[in-house]
1. Rounded to whole Hz and in sequence order, give me ³J(HN,Hα) for the stretch 113-127 from the Karplus expression 6.51 cos²θ - 1.76 cosθ + 1.60, θ = phi - 60°, writing x for Gly and Pro.
2. Mind running the shape call on the stretch 136-179? Use the C-alpha gyration tensor, a ≥ b ≥ c as the square roots of the eigenvalues: rounded below 1.5 for a/c, prolate if a/b tops b/c, oblate otherwise.
3. Determine the relative contact order of the stretch 22-74: mean sequence separation of Cα pairs under 8 Å and six or more apart, normalised by residue count, in whole percent.
4. Let me make sure I get this right: for the stretch 54-126, a, b and c are the square roots of the gyration tensor eigenvalues over alpha carbons, sorted descending. Under 1.5 in a/c it's rounded, otherwise prolate if a/b > b/c, else oblate. Which is it?
5. I need the per residue convex hull volume for the stretch 85-167, using only the alpha carbons, in cubic angstrom as a whole number.
6. Taking every pair of alpha-carbon atoms in the stretch 124-213, give the share separated by more than 14 Å as a whole percent.
7. Around Y164, with a cut-off of 13 angstrom between Cβ atoms, what is the net charge of the other residues, counting Lys and Arg +1 and Asp and Glu -1?
8. Using a/c under 1.5 as the rounded threshold, could you call the stretch 27-173 rounded, prolate or oblate? The axes a ≥ b ≥ c are square roots of the C-alpha gyration tensor eigenvalues, and prolate needs a/b larger than b/c, oblate otherwise.
Amino acid sequence: MAKKPGPRPSKLSVYLYIPNIIGYIRVLLNCTAFYLCFTNKILFSVLYFFSFVCDAVDGWAARKFNQVSTFGAVLDMVTDRISTACLLVVLSQVYRPGLVFLSLLALDIASHWLQMYSTFLRGKASHKDVKDSTNWLFKAYYGNRIFMAYCCVSCEVLYLILFYLAENHTEKLMDVLKINLQKISILSVLIATSLFGWAIKQIINIIQMKTAADVCVLHDIDRKHKQ
């Protein structure tokens, strides 16, 4: 005898899922952080990083309480992209050349937008489903949570350190990196470690953008062929 489906959840109940509430808290933390970014760097860094940590917590909560939702996944990604974008815009104002950070912003947005769109075209439930990819690094990134977490944390830590080190609005990026990497300190170790993970993340973004663009192009070709 077939098992009857449970009661249909209301729209409000989905909005009030525990992981989604954590998502709203992340938004508030980021808004507060950027409001304070030029007046209290320490508090900004704490609030921003705590919001970033909550990104892992909401995913755990979604699985723990069986409250995985499309809205939650979109809220999570949008919050990630906007918070990183805002931090890159801030860095573009305090470092020269600022175009470096704006280029990283463009790559991040384009890569994830194309990946999400190609995911819907292929009818997949998650943009992290890359089992059919032929690129080993791309598969390793999305297939290993620890590796992906290292790369993502490296990016955020590096950007936060750079913001903390900026003393005025005309800092030269390479000079700041060289000076601090030459020092023997915990900060220099953090920068070096973060740079490696950051570099891998940018390579992944490029691979992701090209792979997703290929999916969109192949979809167009198949559609034309069927006409």
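The values are calculated or read from the model by the stated rules, or taken from the named source; none is laboratory data. Quick caveat: nothing in here was measured; it's all calculated off a predicted structure. So basically every Cβ, Gly included, is an ideal-geometry build from the backbone, and we count neighbours across all protein chains shown. The protein model used for the area step is the full one, side chains on, heavy atoms only, and it has no ligands, DNA or RNA in it. Shrake-Rupley method; radii C 1.70, N 1.55, O 1.52, S 1.80 Å.
1. 5, 5, 5, 5, 5, 5, 5, 5, 4, 8, x, 8, 7, 9, 6
2. The shape class here is prolate.
3. Across the stretch 22-74, relative contact order equals 37 percent.
4. Here the stretch 54-126 falls in the oblate category.
5. Here the figure is 102 Å³ per residue.
6. 69 percent
7. Net charge around Y164: -2.
8. The shape class here is prolate.
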